[in-house]
1. Restricting segment 49-61 to residues that are loosely packed, with under 13 Cβ neighbours inside 10 Å and out of contact with any strand residue (DSSP E or B) (no Cβ under 8 Å at 6 or more places or on another chain), which is farthest from Ser29 (Cα to Cα)?
2. Return a yes/no flag: does segment 72-89 have any residue that is part of a helix (DSSP H, G or I) and either at pLDDT 95 or above or within 22 Å of Asp125 (Cα to Cα) (or both).
3. Specify which of the listed residues (Val19, Val118, Val98, Val33) is modelled with pLDDT of 95 or more and not acidic (Asp, Glu).
4. Tell me, which residue of segment 78-102 that is exposed (fewer than 11 other Cβ atoms within 10 Å of the Cβ) and in contact (Cβ under 8 Å) with a residue 12 or more places away in the chain is nearest to Gly117 (Cα to Cα)?
5. For segment 33-48, how many residues meet the condition of being small (Gly, Ala, Ser) and surrounded by 12 or more Cβ atoms within 10 Å (Cβ to Cβ)?
6. Identify, please: which residue in segment 62-74 is acidic (Asp, Glu) and within 15 Å of Val84 (Cα to Cα) and is, among those, surrounded by the fewest Cβ atoms within 10 Å (Cβ to Cβ)?
7. Under 7 Å by Cβ, and 6 or more places apart or on different chains, what pairs join a residue from segment 54-67 that is within 16 Å of Trp123 (Cα to Cα) with one that is charged (D, E, K, R) and surrounded by 12 or more Cβ atoms within 10 Å (Cβ to Cβ)?
8. Confirm whether Glu105 is of a type in the set (Asp, Glu), at pLDDT 90 or above and either surrounded by 11 or more Cβ atoms within 10 Å (Cβ to Cβ) or not in a strand (DSSP E or B) (or both).
Amino acid sequence: MPTADRRSRPLALAALLLVGAVTLGGCISSGSVSEYEGPNIGDRTLAQIEPGETTRAWILAVLGEPTERSTVDGAGDVEVWKWVRRKMTTTRGSALVVSSKSRTEEVRTVYVELTDGVVTRAWRD
């Protein structure tokens, strides 16, 4: 006939495993933080730009100053303006005494080409 000691072993083992899981669960953590730099130009805003119609003044009023302006040499009064949006995400994780950190960067750029002050093309990379 089994003794009370033998019957309580599985129960004691289960209790020990439960305590271990709860204790270790508190030692594992992770999280991420995102930071943004530059304007967020949405798809609907970009769709409002009409080549041959939209002017330099409208672009400045709606999109603001570009991140960068370039002049196309030898092409008359042709400029390419661009707005750069960066998303930097830092992810941290730790388990017991081991920790990790990673950083990713996502870049979205909107380009507008202007000829004589009127948009000829607009696109996003």
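The values are calculated or read from the model by the stated rules, or taken from the named source; none is laboratory data. Values in this document were obtained by computation on a predicted structure and should not be read as measured data. Neighbour counts are summed over all protein chains in view; Cβ atoms, including those assigned to glycine, are modelled from backbone coordinates with ideal geometry.
1. Per the stated criteria, the residue is Ala57.
2. no
3. Val118
4. Ser102
5. Within segment 33-48, residues that are small (Gly, Ala, Ser) and surrounded by 12 or more Cβ atoms within 10 Å (Cβ to Cβ) number 1.
6. Ranking the candidates gives Glu65 first.
7. So the pair list comes out as Pro66/Lys82; Thr67/Lys82.
8. no
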